[in-house]
Amino acid sequence: MTMVKSKDVHRLFKQAMISRRYVSEDLACILWKKSEEACKSLNGEIESLANPAEISDYIQEINETLLPLSIEFKSRIDEVSGKRIWAM
């Protein structure tokens, strides 16, 4: 059986984000938490996101891994709702 690692949280999160065109910041936090929960169910030693408000810090970590592919997650403020959204 393959051991789940903390980088698997990043992988699951990237897959969830790629499957959508864009997400609200709230949904990005939920997707991150669900990715963590899935990985922690198989490996309880995986660290949890300290604060959902720090989602941009975690996305920055992910962006560093995506740099060689010339893609990244970016956030913008939606003009209609005024909420932050994330897109790839």
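The values are calculated or read from the model by the stated rules, or taken from the named source; none is laboratory data. Computed from a predicted structure; not experimentally measured. Please note: Cβ atoms are built from the backbone with ideal geometry, for glycine as well, and neighbour counts cover all protein chains shown. When the accessible area is computed, the model is the full protein with side chains, heavy atoms only, and any ligands, DNA or RNA have been set aside. Shrake-Rupley method; radii C 1.70, N 1.55, O 1.52, S 1.80 Å.
List of remarks:
- For the chain, the dipole from Cβ point charges (+1 on Lys and Arg, -1 on Asp and Glu) about the Cα centre works out to 340 debye, to the nearest 20.
- The radius of gyration of the Cα set in the chain, together with its Dmax, comes out at 13.3, 47 angstrom.
- Computed over the range 37-88, the quotient of the alpha carbon radius of gyration and 2.2 N^0.38 Å is 1.43.
- Once the 1.4 Å probe is applied to the protein heavy atoms, the chain comes out at 70 Å² accessible per residue.
- Accessible area of the chain belonging to carbon and sulfur atoms, whole % at 1.4 Å probe: 52 percent
- The GluC sites (Glu not before Pro) of the range 13-71 meeting both criteria, a DSSP state outside H, G, I, E and B (loop) and at most 15 other C-beta atoms within 10 angstrom of the site's C-beta, are E45, E47.
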